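Nothing in this text is a laboratory measurement; each read-out follows from the coordinates by a stated rule. If you're wondering where the values come from, they're calculated on a predicted model, not measured in any experiment. A quick note on method: Cβ atoms are made from the backbone with ideal geometry, for glycine too, and the neighbour counts reach across all protein chains shown.
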Amino acid sequence: MTTADLFPTLKNLSCADKLQVMQFLIAELANEEDPNLQAGATYSLWLPLNSHEAAHKLGKLLEADSTVPNA
C-alpha cells in the first residue's frame, strides 16, 4: 500500500482516530531512531548537581578565562 492509497482513508478518519494514527507513527519513528530505548523504562542520567568537584573545576576555568585579556 502506498501513501497515495492511505491519504484518502486517513482523511476520512475521526479526529480521535487521526490522533491514534499519529501516536502510532511517532512511536514507530522513535523505535527506528533508537531501538535501544524501551517505552516506560527508567534510565539513569548523571547530572553535575551537587558535584563539588565539577563546580571547583568550572570555577578554575572561569578564573583562568577572566585573566585572559579580550582581543
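What number goes with the only condition from (1) surrounded by 10 or more Cβ atoms within 10 Å (Cβ to Cβ); (2) assigned to a helix (DSSP H, G or I) that residue 16 does not pass?
The number of the failed condition is (1).
Out of all the residues in the range 1-13, which are among the hydrophobic types (A, V, I, L, M, F, W, C) and not in a helix (DSSP H, G or I)?
1, 13
Sort through 63, 32, 28 and tell me the only one that's of a type in the set (D, E, K, R), exposed (fewer than 10 other Cβ atoms within 10 Å of the Cβ), part of a helix (DSSP H, G or I) and within 15 Å of the chain's Cα centre (by Cα).
Answer to the selection: 32.
Which members of the range 35-60 meet the condition of being hydrophobic (A, V, I, L, M, F, W, C) and part of a helix (DSSP H, G or I)?
54, 55, 58 - these are the residues of the range 35-60 that are hydrophobic (A, V, I, L, M, F, W, C) and part of a helix (DSSP H, G or I).
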